[in-house]
Amino acid sequence: MTNLDKVLYPEVGFSKGEVIDYYARIAPAILPHLADRALTVTRWPDGVDGKHFFEKRCPSHRPEWVRTEVVWAGNRAGEIEFCVCGDRPTLIWLAQLAALELHPSLSLVEDVDRPTVLAFDLDPGEPATIVECCRVALMIRGLFAALGLESFPKTSGSKGLQVYVPLNSATTYATTKPFARAVAQALERQHPDLVVSRMTKQLRRGKVLVDWSQNTASKTTIAAYSLRARPRATASTPLRWEEVESARDPLELSFTAADVVARYEGDGDPFAPVLRLEQALPQTLSGGAA
């Protein structure tokens, strides 16, 4: 460990040592969500106000005990040797590299074409906030409940909210991506004043983008419990649906590293069912959203 006193979050004085301490303490919660998945990281060696870079390729100077797997990363990138983080030493080593943000694949390395979840990234366009995202998340929950499927929410750790529908069954991105798109488009038709399914920025003001495009083999999403490079050292935080239902103030759903550790130590991991619950998508979208 080096430069432990170096401040990586200047606004709150959160140091590299505190980043490492956070990941060491939250390891029992985050590691199951990282294990056996190709990992992309975002590194901020000079802190969140400095330059940063995305890193897919596991560094060549890694310790010999860091697990790697060669994964096809698309026609442009070809095969890449990714880090796979399944233990506390690897997690702490990544924190030592100032890898603040951890972005795992939606697939396991053993079958990169088969996502284990269907994911929706809800991104608010100002002046909309995470509160409006909660309204949309409840719509998504209702839609999938009508299909007999459970879903689970977490904050992005930044401005938005994410909803995961566990699958853990035989499916491919060729199924999940168009299904997620159909859901987003259906919600946009039903609630055009609140929901948008297209990335075009001028369409997003005051609305919530339901980003369905994350359901792609070459993309990643922020891990549950990962820190974010935001001013307050916030983290992507699993929620209970009761918290989503009662949200009225964006600050209610903004959790710092200390908050997240306390929540986990007190209540466990509400996102754990995402790893084991087996569900299958229906052949067509129904449940009132068609």
Exercise for review: Hey, could you check segment 43-82 for residues that are in contact with a Leu (Cβ under 9 Å, 6 or more places away or on another chain) and part of a strand (DSSP E or B) and say which is nearest to residue 10 (Cα to Cα)?
Suggested key: 43
Review point. Within segment 223-248, how many residues are within 15 Å of the chain's Cα centre (by Cα) and under 19 Å from residue 91 (Cα atoms)?
Key: 11
Check your understanding: How many residues are over 16 Å from the mean Cα position of the chain (by Cα) and under 17 Å from residue 142 (Cβ atoms) if we restrict to segment 156-179?
Key -> 1
Revision key, fill the gap. Taking segment 69-78 and keeping residues surrounded by fewer than 17 Cβ atoms within 10 Å (Cβ to Cβ) and modelled with pLDDT of 95 or more leaves 70
Exercise for review: Within segment 160-180, identify whether any single residue is in contact with an Asp or Glu (Cβ under 7 Å, 6 or more places away or on another chain), in a loop (DSSP other than H, G, I, E, B), touching a residue at least 24 places away in the same chain (Cβ under 8 Å) and farther than 19 Å from residue 280 by Cα, and answer yes or no.
Suggested key: yes
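Given the criterion touching a residue at least 60 places away in the same chain (Cβ under 8 Å), loosely packed, with under 14 Cβ neighbours inside 10 Å and not in a loop (DSSP other than H, G, I, E, B), identify the matching residue among 252, 245. Walk me through how you get there before you give the answer.
Numbers: 252 fails: touching a residue at least 60 places away in the same chain (Cβ under 8 Å).
That would be 245, the only listed residue that is touching a residue at least 60 places away in the same chain (Cβ under 8 Å), loosely packed, with under 14 Cβ neighbours inside 10 Å and not in a loop (DSSP other than H, G, I, E, B).
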Revision key, fill the gap. Taking segment 190-202 and the residues there that are in contact (Cβ under 8 Å) with a residue 60 or more places away in the chain and either touching a Pro at 6+ places or on another chain (Cβ under 6 Å) or not polar (S, T, N, Q) (or both), the one that is nearest to residue 136 (Cα to Cα) would be 194
Review point. Going through segment 107-124 one residue at a time, which ones are among the small types (Gly, Ala, Ser) and either out of contact with any strand residue (DSSP E or B) (no Cβ under 7 Å at 6 or more places or on another chain) or farther than 14 Å from residue 162 by Cβ (or both)?
Key: 107
**Study point:** Among (1) free of Cβ contacts under 8 Å to residues at least 60 places away in the same chain; (2) not in a loop (DSSP other than H, G, I, E, B), the one test that residue 111 misses
**Key:** (2)
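Check 101, 110, 81 and return the single one that is among the acidic types (Asp, Glu), touching a Lys or Arg at 6+ places or on another chain (Cβ under 9 Å) and more than 30 Å from residue 7 (Cα to Cα).
Numbers: 101 fails: more than 30 Å from residue 7 (Cα to Cα); 110 fails: touching a Lys or Arg at 6+ places or on another chain (Cβ under 9 Å).
The unique qualifying residue is 81.
If only one of 89, 104 is in a strand (DSSP E or B) and farther than 16 Å from residue 244 by Cβ, which one is it? Spell out how you get there, then give the answer.
Values: 89 fails: in a strand (DSSP E or B).
It is 104.
The values are calculated or read from the model by the stated rules, or taken from the named source; none is laboratory data. As the structure is a computational prediction, the values presented were derived from the model and not from experiment. Counting neighbours? That spans all protein chains shown, and the Cβs are built from the backbone with ideal geometry, glycine included.
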